[in-house]
1. Within segment 46-99, count every residue that is within 12 Å of the chain's Cα centre (by Cα) and part of a loop (DSSP other than H, G, I, E, B).
2. Can you pull out the residues in segment 100-112 that are in a helix (DSSP H, G or I) and open to solvent by less than 50 Å² (accessible area, probe 1.4 Å)?
3. Please go through segment 100-135 and pick out each residue that is under 13 Å from the mean Cα position of the chain (by Cα) and at pLDDT below 85.
4. Of the residues that sit in segment 42-68 and are in contact with a helix residue (DSSP H, G or I) (Cβ under 9 Å, 6 or more places away or on another chain) and without any contact (Cβ under 8 Å) to a residue 40 or more places away in the chain, which one is surrounded by the most Cβ atoms within 10 Å (Cβ to Cβ)?
5. So for segment 24-32 (the condition being assigned to a helix (DSSP H, G or I) and under 18 Å from VAL90 (Cα atoms)), does at least one residue qualify?
6. Tell me which residues, restricted to segment 9-41, are under 17 Å from GLU87 (Cα atoms) and either in contact with a Lys or Arg (Cβ under 7 Å, 6 or more places away or on another chain) or open to solvent by 80 Å² or more (accessible area, probe 1.4 Å) (or both).
7. Given the conditions (1) touching a helix residue (DSSP H, G or I) at 6+ places or on another chain (Cβ under 6 Å); (2) basic (Lys, Arg); (3) surrounded by fewer than 16 Cβ atoms within 10 Å (Cβ to Cβ), report the number of the one that ARG73 does not fulfil.
8. Consider LEU61 against the criteria (1) touching a Lys or Arg at 6+ places or on another chain (Cβ under 9 Å); (2) under 19 Å from ARG41 (Cβ atoms): it satisfies all of them except one. Which criterion is unmet?
Amino acid sequence: MRRNSWSEHDVVVLVWDALMASVEWPLRPDQTEALAVQQIRRFSMVLEAFTQSPKSEIALLKHVQMHCYSEPRLLKAFGRMVYELYEVDVLSDSAILFWAAKGVRFEGKTEFLKQTESFVKKLQALEDADDSDEEESEDDEE
């Protein structure tokens, strides 16, 4: 990466494209989501290696959004794919919350926010609980 001056967020997008292009997608739509999730799990370590910064996490999340928008068979799998990327530590909760609040691209915005709404609410509740725990511990120290 350093020798050719490619940035991490550029590389993670290329890796994602390569991973998705290597899949022979089934004709049955009910199998598409499971295959996408399987691909994410299989190559999570590769994706994680290129999402070490918040900028690269957001770049990947926006790219996944665009990929799902441009690939009709993946349109309904976006929410599950984001969840899996979170579960395998490719995406952080802060990246997902930032994307939901400010980073969503216009293309498919309504559909993708709807798919991720309950997951984003859970992440927000966890973050709020962590914030209140930190405030309580600061009050105890005083």
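The values are calculated or read from the model by the stated rules, or taken from the named source; none is laboratory data. Given the structure is predicted, the values throughout are model-derived calculations rather than measurements. In this analysis, Cβ positions are derived from the backbone assuming ideal geometry, glycine residues included, and neighbour counts consider all displayed protein chains. Remember, those area values only see protein heavy atoms, side chains included, never the ligands or the DNA or RNA. Shrake-Rupley method; radii C 1.70, N 1.55, O 1.52, S 1.80 Å.
1. Final tally of qualifying residues: 6.
2. Selection gives ALA100, GLY103, PHE112.
3. GLY103, VAL104
4. GLU57
5. no
6. GLU33, VAL37, GLN38, ARG41
7. (3)
8. The number of the failed condition is (1).
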